[in-house]
Every structure is written in C-alpha cells, then in structure tokens.
Amino acid sequence: MREGNDQTRFEAIAEDFPEPRFQGLLGDCGEEEQPGIEDLKEWRDWSQIKTSRDQLRIERRLLDFVNSDSRILHVGIGNSRLAKRFAHRVRGIVGMSVSPAEIARGQALAISNYEVLQWNKYRYWNDPSGEGFDAIVDNNPTGFACCLKHLSTMLAWYADALRPQGAIFTDRVGLGWVVSTPGVDRRWRGFDLEDCAVMGARLGLHAIDIDGSVYALVKKAGRGRIGQLERYRHWPPPLRGWLSRVESSVTVRTLNEDRG
C-alpha cells in the first residue's frame, strides 16, 4: 500500500489528460478540505432509498467475483444493503459515505465484519489494515467530481488500495450520472467506458466492459478471476444487453431472498 498523499503524482496525472476529450473540465478547484460537488439537499441522503437496478447489476458480478477471503470497499453506501447481502459471503467490508444519515444506518446494522467510515472519496485514503481490497464498488465515481485533480486523487488511491487480482466496479448508468446542483459542468454527465480507459491507463489500470452495463478497472487483464469478468466481452451488444436484463432479474431475486 502506498504511504501518504503523493500530491505531485496526482497533479501530473491531472495535467496529462489528452485534449479535446477532457477539454473544459476544471484542472484544480483549489479545495483541499472538502473537495467534490454537493448535490441538492433532497439527493444527499440515500439511506432510505431502494437499491437501484444499476447497483444490483454490479452486485450480480460481485456474486461471481468474491469469496470467503475477499474484502470489499463500498464507496457511497446508501442504504447499506450491499453489506447485508454480502457480509456473510466475504471476510470484511468497509463502507464509505459523506452522509451522516447513511453512516448512522450502516452502523445501526451492527454487522460484525462491516466497518463504516465517514470519508470524502476525493481525498486520499490509506487502508489502516494494509491488506487491500478484492473489489472496490463505486457506482458514481464522477458524479460528484469537482476537478480533474481530485478525480485523479480518487482513482489513484483506489488503484493503490486494490489487490493484484482485484477490480474496481461501476455501471454505465451510475458513471453517466451527475449531481443536480446548478452550474455543474455537464461534461461530467458524458463520462463513459472510453473515458475510464484513458484515465485508468495513467495508473496502470485496464478497463473492461463486462456485459455492456457493468464496467471494471483492473491491474492485470485476462488473468485468473479477472479473465472470468471478460468472458462476455466479445459477445454482440444485443446479446450482452439481453444477458444483463436476465441476470438483473435473477440478481434481484437471489439477493433479496438471501438476507435482503
């Protein structure tokens, strides 16, 4: 695990994005204490909101990816139902949020292997255990982004926290979502797999389109269980879309029946 906040590294990454792909996006917002864009009040607390279908699609992939020795980092814990569904499947889960209500809900569950932290993901974080994570789940990686520097900071510590055979999971819907706050650059809404691939490459990460909906960033593509994530990669898009819809329905039933 990397020790400390390598600010020079983050700034170099942020300045190295090719034009015109990220043209117009702010390079450095200048905020160090609480970077990121705060959403409108009615969208800040997801603790009582039902799990979205895009989040369930990610969890469907997690079912095949994790095992009893795995550690999961869930960034943006919402209603903490991921923890309820997976706590008995893995060794440990760390959940992060900036929402006090989401933190309170997660802690109230009193799940022994679920640690809930209040942390801003656009600030560098070191895992105190030094063990790293097999899966990092963030379904809104760019939705609250304020600038390229802090987005780079987030991706850099995700990469540092990832185990060699680990994966960062997101979904195309969540990736394209952006806060409703007036004045936010709408370019953040257009983020897609190719954007992830460009940004990830600067951190030694490879982007994978798993099934047309769920995306992953990995350190070593095509090996071990990472190779399993790529098994649908060459299927025609209509077939991958059909698979995603069918598996989403199965996931809802499986996860809701299993400690929903």
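Taking a spot 7 Å from the Cα of residue 109 along the direction of its beta carbon, which residues of the stretch 65-86 have an amide N less than 11 Å from it?
74, 77-86
Excluding residues fewer than 8 places away in the same chain, name every one of the lysines whose C-alpha is closer than 25 Å to that of residue 84.
50, 121
Take 168, 49 and order them by how many other Cβ atoms sit within 10 Å, fewest up front. Don't skip to the end; give the middle numbers.
Working: 168 26, 49 11.
Placing the least packed residue first, the sequence is 49, 168.
Which order do the peptides 89-101, 130-142 come out in when sorted by mean C-beta neighbours inside 10 angstrom, highest first?
The peptides rank, most packed first, as 130-142, 89-101.
Using a Förster distance of 45 Å, how high is the FRET efficiency between residue 28 and residue 53, based on the Cβ-Cβ distance and rounded to 0.05? Walk me through the numbers before you get to the answer.
Values: r = 35 Å, r/R0 = 0.78.
So, using R0 = 45 Å, E works out to roughly 0.80.
How far, in nm, would the chain grow between residue 127 and residue 201 when pulled straight, counting 0.36 nm per residue and subtracting the alpha carbon separation? Numbers along the way, then the final one.
Numbers: separation 74, 0.36 × 74 = 26.64 nm, distance 2.28 nm.
Stretched out fully, the residue 127 to residue 201 stretch lengthens by 24.4 nm.
Coordinate-derived values only; no laboratory data. Keep in mind it's a predicted model, so treat the numbers as computed, not measured. With ideal geometry, Cβ positions are generated from the backbone for all residues, glycine too; neighbour counts draw on all protein chains shown.
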